[in-house]
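Colleague: Mind looking over this structure? Questions follow.
None of the figures in this text is laboratory data; all of them are computed from the coordinates on show. The model shown is predicted, which means the values in this text are computed figures rather than measured ones. Don't worry about glycine lacking a Cβ; one is built from the backbone with ideal geometry, like all the others, and counts go over all protein chains shown.
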Amino acid sequence: MGGLESSSFWRLPADKAVETLLDNLFCDKLIPLFKSDNFRKFVLDTSGKANKFKAIKSRPYNYVQQHKLSNISKLRKFSVPHPKAYSDICLCIFDNWNEIQALLAQRWKNRTVNLFLLPKGGDVELTYDLWLEYGDDFEKMKDLDVNEELIDNAKLAFGKKYCAKADVANFYPSIYTHSIAWSAVGRDDAFKQRFDKNKWYNKLDTFIRKSQNEESIGLHIGPFSSNILSDIVLSSVDSFLSDHGFVFNRVIDDYKCYAESADEYRDFIIALSSALHKIKLDINSSKTFTCTLPSNHSDQWVREIRTFNFTIPKSGKITFSQVNLKELADYFDLAMQWQHKESNAAVLLFAIREY
């Protein structure tokens with residue numbers, strides 16, 4: 001897997017890409033009161049009514065914001081931009097899809113870098129036991145319905161000694177709208193071309209700022225467009241790291257580098273910090289660490305919950321009428337113990353979903 005195949009979204013043709021963007025105006029972390037599929041049909045409709053909507057002059061719009069605690073009790077500020085402002089961003093991406101694709105294709109050429117939006121496989125975990133059994137025969141792993149992201153991690157990690165993990169501090173709120181141009185052509189050229197309204201990156205900069213009342217720092221957290229825009233921004237970092245020979249991948253703003261020596265992973269952290277600095281972003285020091293390989297993909301709490309010793313009925317599937325209530329109580333006791341230990345509400349949610 002390489003080039004634009006590193007991300008399922010970037011493989012889409014322009015018409016499917018813009019449909020996906022318009023369908024995801026509302027973040028799935030918000031209370032699911034609304035959907036935007038009818039909004040997508042309205043924007044893309046060729047009738048006079050929709051054309052009038054498209055023809056409305058762009059201006060600064062405010063946005064709706066909801067504060068919500070994450071699974072680890074960190075405050076997140078999710079946004080819903082004005083529909084007109086959001087459609088302007090999406091249609092700008094659509095109109096310039098070929099140029100954006102070409103930029104990313106050049107930066108990700110023959111490299112597995114960006115794992116954003118890879119289709120998910122089944123429930124088979126990719127542990128080092130699988131590597132020992134299948135070696136580098138990753139096609140056989142696919143027959144097991146293993147998640148593609150895990151297969152890519154296995155390809156990169158195979159034979160390496162260390163994995164360095166790092167992400168971007170306060171990612172979406174720290175992104176400058178101007179950094180789209182900085183990433184596309186460099187800060188010097190971006191400054192020289194800042195008044196050229198025909199450049200796609202300047203158009204996007206303008207529409208993004210108009211969607212957030214002319215604020216130039218930060219992207220909306222929630223709408224799907226922000227995932228795509230941040231991907232464009234970090235592609236320059238990906239290219240810099242790849243050109244320096246690092247073996248790594250990225251999911252949104254989470255980087256993993258697979259190294260053969262301690263010096264190599266230290267060099268990666270320094271290089272990542274330097275590349276982020278060029279677009280006015282920083283590494284999150286509290287989430288930067290290194291582990292030795294081999295290591296299991298899943299945390300211990302995931303494995304314990306998944307392997308809880310329920311009495312399996314003859315049918316092979318547990319139903320509520322068949323479950324042993326004592327076992328069920330023990331199962332959720334285990335989940336709550338791990339939730340308390342990890343200070344992460346995702347543990348109990350995971351246990352409920354697994355059951």
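Colleague: Given H placed on each backbone N at 1.01 Å, which residues far from Ile217 in sequence or on other chains put an amide H within less than 5 Å of it?
Modeller: Amide H to amide H, under 5 Å and 5 or more residues apart or across chains, Ile217 pairs with Thr177.
Colleague: Highest mean first, how do 97-108, 29-40 rank when packing is the count of other Cβ atoms within 10 Å averaged over residues?
Modeller: By packing density, highest mean first, the sequence is 97-108, 29-40.
Colleague: Which value does Rg/Rh take for region 251-310 over its C-alpha atoms, Rh per Kirkwood?
Modeller: 1.12
Colleague: Next question. Mind putting a number on the dipole of region 175-283 about its Cα centre? Charges go on the C-beta only, +1 for Lys and Arg and -1 for Asp and Glu, and I need it in Debye to the nearest 20.
Modeller: Charge dipole of region 175-283: 620 debye, to the nearest 20.
Colleague: Also: From the phi angles alone, apply the Karplus equation (6.51, -1.76, 1.60; θ = phi - 60°) to region 232-242 and give each ³J(HN,Hα) in whole Hz, x where the residue is Gly or Pro.
Modeller: 4, 4, 7, 4, 5, 5, 4, 4, 4, 5, 5
Colleague: I'd like to know which of Ser216, Gln193, Ser226 lies farthest towards the positive end of the charge dipole of region 185-239, counting +1 on Cβ of Lys and Arg and -1 on Cβ of Asp and Glu.
Modeller: Value: Gln193.
Colleague: Report the paramagnetic label zone for Asn98: residues of region 14-31 whose backbone N is under 18 Å from a point 7 Å from Cα along the Cα-to-Cβ axis.
Modeller: Correct set: 14-18.
Colleague: Let me ask another. Which net charge results for the neighbourhood of Phe34, defined as the other residues with beta-carbon distances under 13 angstrom from its beta-carbon, given Lys and Arg at +1 and Asp and Glu at -1?
Modeller: -1
Colleague: Once amide H atoms are built 1.01 Å from N in the peptide plane, which residues 5 or more positions from Arg194, or in another chain, come under 5 Å H to H?
Modeller: Answer set, sorted by chain and number: none.
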